[in-house]
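One structure below.
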Amino acid sequence: MHAQRPELGAALDHVSIRSGDPLRLARFFEDVYGMRRRETGNGWRCEAPGRTFLVTAGRPNSVDHFAYAFADRDALLRHQDRLAAQSVTTSPNPSPLFDDAAFALTDPDGNNVVFGTRESTPDAVNEALPARVQHIAFRTSQIEAMLAFYRDVLGFVLSDRVQDEHGTLRACFLRTDHEHHALALFGSAETRLDHISCETRDIGSLTRWADRVAAKRVPMHWGVGRHGPGNDVFFMVKDPDENLIEISAELERVDAARPTGVWPHEQRTLNLWGTAIMRS
């Protein structure tokens, strides 16, 4: 008998990114990441099979919202009922991609996280160069409060934690389905969007993505490397607002009964192959 999955059963669906120059950022996603760009009432929608970014005017390195989709309305309503049983207050849906059954919550850093359902978008599996939006990461000056919110209130499952020699939490990776993480949090003196990650098919596809990015004359900022937590191969570039955009491959698929892993706070944890971006 298979162990019952402990996760919500949702997956990251789209991210709405704020920018001081939305058109410049949308053009970057169009050119470098092959996303179709079209204007909306308050910004731009950039889309390709498996990935959708909304770009709106606002403070750079922040999000208007980020959204997780359930497979069906019943699963969404069960999640809403669990929150209501905890007397958790929700807000109306801010996403133009979800219907009125969707709802939002605000985390301790002021980020809006949305839950809803959406009609199936074109699958990236058959694309020559697939990359579906898979997780989002934030830097935060209150990582313990953020972890408590996502794990204890929203029901995300903690896959791995990174701690220093005193046991102080420095980073954590939380999942909403069988993939190792759909959200990462990094302790930092600054509070901001850290990165958005898109998962491609395999290492060969990741190499082709690196060739595409290089052909666009966008320098690789970090990688190619392999993360310890998640065990995925990756590289990252910076967008025009200096958000990190990651292409990843072969992210760990987590067994239902897998215990939470504990990693030391060191460069090798974040990159088994070399140096790492240390947020704190």
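Details
- The strands (runs of 3 or more DSSP E) found wholly in the range 91-175 and carrying at least 2 residues that are within 27 Å of residue 258 (Cα to Cα) and hydrophobic (A, V, I, L, M, F, W, C) occupy 112-117, 132-140, 157-163, 169-175.
- The selection criterion, being of a type outside the set (Val, Ile, Thr), at negative phi and over 17 Å from the mean Cα position of the chain (by Cα), does not hold for residue 104.
- Scan of the range 176-186 for residues that are open to solvent by 10 Å² or more (accessible area, probe 1.4 Å) and either modelled with pLDDT under 95 or in a loop (DSSP other than H, G, I, E, B) (or both), ordered by number: 177, 178
- With respect to the conditions (1) touching a Ser or Thr at 6+ places or on another chain (Cβ under 7 Å); (2) among the small types (Gly, Ala, Ser); (3) without any contact (Cβ under 8 Å) to a residue 24 or more places away in the chain, residue 182 lacks only one, and its number is (3).
- Filter pass, residue 49 being closer than 12 Å to residue 13 by Cα, within 21 Å of the chain's Cα centre (by Cα) and in contact (Cβ under 8 Å) with a residue 60 or more places away in the chain: yes
The values are calculated or read from the model by the stated rules, or taken from the named source; none is laboratory data. Because the structure is a prediction, the values reported are computed rather than measured. Virtual Cβ from ideal backbone geometry, glycine too; neighbours counted across all protein chains shown. We work out accessible area using only protein heavy atoms, side chains counted, and drop any ligands, DNA or RNA first. Shrake-Rupley method; radii C 1.70, N 1.55, O 1.52, S 1.80 Å.
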